[in-house]
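Structure first, commentary second.
The values are calculated or read from the model by the stated rules, or taken from the named source; none is laboratory data. Being a predicted model, the structure only gives us computed values, none of them experimental. Cβ coordinates were reconstructed from backbone atoms using ideal geometry, including for glycine residues, and neighbour counts include every protein chain displayed. Surface accessibility is based on the protein's heavy atoms, side chains included, excluding ligands, DNA and RNA. Shrake-Rupley method; radii C 1.70, N 1.55, O 1.52, S 1.80 Å.
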Amino acid sequence: MNFWTRRTVLLHLSESGKKTFANVFKSLSVEVSVEWADELGLWIFREQGDEATATVMLIRWEHFDTAVLDVVYEEPKQARVLGFRKQHT
């Protein structure tokens, strides 16, 4: 599974990214939902069509300087074990 898949990411657009996406994003920092990533860049969710389709858009790697992620690691599961201790007499 791709690390970026289904993550919400805050991107800081580079100057070329700002020019390229001027009609799409209003600021240099944009929060996006990543569908997947590949060697071209991040494919982000844009809008839901019907139940079977969605529109995604490519943001090429060179169009942003920084990505800020909120990573949530799964909490370790503790074994549910009854414990006994030896009584010293």
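Once the other residues with Cβ under 14 Å from the Cβ of VAL24 are scored (Lys, Arg +1; Asp, Glu -1), what is the net sum?
Overall, the nearby charge balance is +3.
Extending each Cα 7 Å along its Cβ direction at LEU28 and LEU10, get the distance between those two points in nm, one decimal.
Between LEU28 and LEU10, the simple spin-label model gives 1.4 nm.
Under a plain spin-label model, where a point goes 7 Å from the Cα along Cα-to-Cβ, how far apart in nm are TRP61 and PHE3?
1.2 nm
If DNA, RNA and ligands are ignored and the probe is 1.4 Å, what is the ranking of SER29, SER14 by accessible area, most exposed first?
SER29, SER14
Sum up the charges of everything whose Cβ sits under 14 Å from the Cβ of TRP61, counting Lys and Arg as +1 and Asp and Glu as -1, but leave TRP61 out.
-3
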